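**Student:** Just dropping this structure here.
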């Protein structure tokens, strides 16, 4: 799909930003370039749509040397998302999404329906089409930024730290949404970031760069398990290496399998009874099929005791869950960062499977500390 | 009051004609200014090294006394409307040139990079991104220029271009305050009305997504 063949970029003053790089990217692959600032990752990406011209070597897309292609044509065939979002403030959302289709001279009708279709992909209502960027939140704006890159259905999309300017929670949400989107659309993505968590979460393959050179190329797991050298190890960070210990991989392996639950038709008195028996302050609400409906806690019961009698009347449905197959390292991160007490684990049909609590995390961390000492002992020998 | 009516009865037609003359001298000069200054301003953003020099030079021209410039064109273009319009055109340049240059230069660089990365040609970036976003600033320059020119066009009467200046200078020479007022009041009204209309136009021309209020 994409191939770098001995690509070098030398800036004025003999400054080698990218040094003799060779790399191949498969079709449908999500490749993340990562490294400290000035390592050449952005330069590398911008050479693909020739915002920066390589000094030496060639780059091929589908066996075609892009240096021989018409510049404007080439860029219209590649999606591009930038960190600053870069929506045009004087254009409506529809016009913003339709920029490349318009450049490609699609008829008006087709552009409109395409924009509406894309908006659905990110669960935004069609009425947003006629709004202006400043009327949207940062997260919504960058969703539009991503859609704009998808508009003409390019096989390859370049993303330059697209989620870097968003707040952590929005970023998390967008990363997940985008990863799903990418998998369902089968796009090839070249993604630049300096955020290791982001790279581990999104990438099929991570390319770690330093001083214009490739230091290590591999899947997130390969890199976590076998960092190529000291630099990579430091760059990944010790805590992540610990979390990546092969013995524990998914949340399923650490979750408590018997969380305290209740069904919607029970009364609040029943709920308090169960809480008392199980010595917990909140219950997960499920139906007969064990499908998770929400949760109820002691405060909610206290506040609504006079007005409601059934659990179904007071339950809170906004609830963050993880899938049982989720990698542990992603979950730990989220629990710690969002300050949650527990996260219900569900299967693909939203059926409750178990519960990860802060206490179960403590077990993992405890294991890791001992495990790490074991490792140190072996390396010293 | 009677005097005013009598004056209008005697000079009404002429007054209207002079006002129209005044108006189109200014308008032509501004139009020429727009045609030259806006493209030049955009072009200068592409060669920043030259920009300082050109804008500086135009700025110096601006400081020449207007009467001197008008007189300067007499040996080259003779007397009448053409030298007057030419001189006024030079005057109108600076605010428009400077505002176009600044307006276009201030357009967020990341928007241009997005445009470039999506495959907009240089011309498309100017037309679809830079100019629409710079419109409020450019229009403010046009407005300032036009209002100034309507004032300065009074002096054009000195080199035989006509306009409302005729009344004012005749009034000065003949010591007839009524003539001075007959010239000055329409000039002022013309300037105010133009300012108002261009102000509206500025709002209308500003793309909806970037209107502030």
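The values are calculated or read from the model by the stated rules, or taken from the named source; none is laboratory data. If you're wondering where the values come from, they're calculated on a predicted model, not measured in any experiment. Cβ atoms come from the backbone with ideal geometry, glycine included; neighbour counts cover every protein chain shown.
**Student:** Kindly provide the set of residues from the range B:159-213 that are within 19 Å of residue B:79 (Cβ to Cβ), assigned to a helix (DSSP H, G or I) and in contact with a helix residue (DSSP H, G or I) (Cβ under 6 Å, 6 or more places away or on another chain), ordered by number.
**Tutor:** B:159, B:165, B:166, B:167, B:168, B:169, B:170
**Student:** Of the numbered conditions (1) part of a loop (DSSP other than H, G, I, E, B); (2) under 24 Å from residue B:109 (Cβ atoms); (3) touching a residue at least 24 places away in the same chain (Cβ under 8 Å), residue A:42 satisfies every one except a single condition; which is it?
**Tutor:** Of the numbered conditions (1) part of a loop (DSSP other than H, G, I, E, B); (2) under 24 Å from residue B:109 (Cβ atoms); (3) touching a residue at least 24 places away in the same chain (Cβ under 8 Å), the odd one out for residue A:42 is (1).
**Student:** Which of the residues spanning the range A:295-317 are surrounded by 18 or more Cβ atoms within 10 Å (Cβ to Cβ) and under 31 Å from the mean Cα position of the chain (by Cα)?
**Tutor:** A:295, A:296, A:315
**Student:** Also, I was wondering about something else. So which of A:174, A:147 is touching a residue at least 24 places away in the same chain (Cβ under 8 Å), crowded, with 16+ Cβ neighbours inside 10 Å and within 14 Å of chain B (Cβ to nearest Cβ)?
**Tutor:** Criteria check complete, one pass: A:147.
**Student:** Within the range A:75-94, track down each residue that is closer than 13 Å to residue A:157 by Cβ, at the interface with chain B (Cβ under 7 Å from one of its Cβ atoms) and in a loop (DSSP other than H, G, I, E, B).
**Tutor:** The one that is closer than 13 Å to residue A:157 by Cβ, at the interface with chain B (Cβ under 7 Å from one of its Cβ atoms) and in a loop (DSSP other than H, G, I, E, B): A:82.
**Student:** Could you identify the single residue in A:312, A:354 that is in a helix (DSSP H, G or I) and at pLDDT 80 or above?
**Tutor:** The conditions single out A:312.
**Student:** Moving on. Can you give me the number of residues within the range A:19-39 that are free of Cβ contacts under 8 Å to residues at least 40 places away in the same chain and buried (at least 18 other Cβ atoms within 10 Å of the Cβ)?
**Tutor:** Matching residues across the range A:19-39 total 0.
**Student:** Quick check, is residue B:61 assigned to a loop (DSSP other than H, G, I, E, B) and under 25 Å from residue B:23 (Cβ atoms)?
**Tutor:** Details: assigned to a loop (DSSP other than H, G, I, E, B): no; under 25 Å from residue B:23 (Cβ atoms): yes.
Taking the combined requirement at face value, the residue does not satisfy it.
**Student:** Looking at the range A:41-58, which of its residues are away from every other protein chain (no Cβ under 13 Å) and under 29 Å from residue A:143 (Cβ atoms)?
**Tutor:** A:41, A:43, A:44
**Student:** To continue, here is another question. Does residue A:207 count as buried (at least 18 other Cβ atoms within 10 Å of the Cβ) and part of a helix (DSSP H, G or I)?
**Tutor:** When the stated conditions are applied, residue A:207 does not pass them.
**Student:** Would a scan of the range A:253-268 turn up a residue that is part of a helix (DSSP H, G or I) and surrounded by fewer than 19 Cβ atoms within 10 Å (Cβ to Cβ)?
**Tutor:** As a first pass, look at the range A:253-268 and keep what is part of a helix (DSSP H, G or I): A:253, A:268.
Next cut, surrounded by fewer than 19 Cβ atoms within 10 Å (Cβ to Cβ) only: A:253.
Within the range A:253-268 (the criterion being part of a helix (DSSP H, G or I) and surrounded by fewer than 19 Cβ atoms within 10 Å (Cβ to Cβ)), the answer is yes, since at least one residue qualifies.
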